[in-house]
Amino acid sequence: VGGGLYGGWRYIQGQYYIGEHNGDVAIFRGVNQSVAGISLSSLVQAYPSLPLNQLVAADQSQITQTISYGSKSDAQTVIGQLQQSVTQCRQGYQALVTYQTDYTNYRNALKAYNKLPANKRPKTKPAAPTEPPVPSAAKCAPASAFGLSVSTASSGSTGGETATASPSPTASPSTSHSANPTPSTRKSP
């Protein structure tokens, strides 16, 4: 019996899973269960730069249900993929915020240009900024998860997006979902 218990304990301690710790994605050692009030897992590492709310809903669901891995390095690989995806999403939303500022500046420059008499205008009109693509809702959490507000607005001739930054204590570097497999496509060992 003692040998069986020890073997079971060793097996459990050889398992890792990705879960949630204080709102952030984290790696735990063991299994997400308890016996007689004793937890069979311990926190290995939390990732404050990877808040759970910045993942797409499918990944959030998988993580709250916990994803089991046979090694710490397997779990760290998935964390790296999630971090890359979140970073890409954040950069995509931030590009929209920058675009809105550039577009507002362009509109103001165009107004000033049009107010000038024809003989005093520069030879070239102000150039409109290039609108970046909107991050895919299937690959990115909403902009609000990153502390940003992005909405479609009528912006005149270019029909661009509007985006404004708003303070968020949970905003951290991130990226959009890449073609890399996410936890929702991984299988537990």
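Summary table below
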read-out	value
Alpha-carbon centroids, segment 83-133 and segment 25-59: separation in whole Å	42
For q = 0.13, 0.15, 0.20 Å⁻¹, Debye-computed log10 I/I(0) when each Cα of segment 92-156 counts as one equal scatterer	-0.48, -0.58, -0.82
Theoretical FRET efficiency, 1/(1+(r/R0)^6), r = Cβ-Cβ of Gln65 and Lys139, R0 22 Å, to 0.05	0.60
Pairwise label distance in nanometres, Arg121 with Thr98, each label 7 Å out on the Cα-Cβ vector	3.0
Solvent exposure, largest accessible area first (probe 1.4 Å, DNA, RNA and ligands not counted), of Val31, Val97	Val31, Val97
Distance (nanometres) between label positions extended 7 Å along Cα→Cβ at Ser34 and Ala58	3.3
P(r) tail fraction, segment 1-129 - alpha-carbon pairs more than 22 Å apart, %	56
Per-pair calculated FRET efficiency, R0 = 22 Å: Ser42 and Thr77 via Cβ, rounded to 0.05	0.60
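The values are calculated or read from the model by the stated rules, or taken from the named source; none is laboratory data. None of these values were measured; they are calculated from a predicted model. Cβ sites come from the backbone with ideal geometry, for glycine too, and all protein chains shown count toward neighbours. Accessible surface is based on the protein model in full, side chains and every heavy atom, while ligands, DNA and RNA are left aside. Shrake-Rupley method; radii C 1.70, N 1.55, O 1.52, S 1.80 Å.
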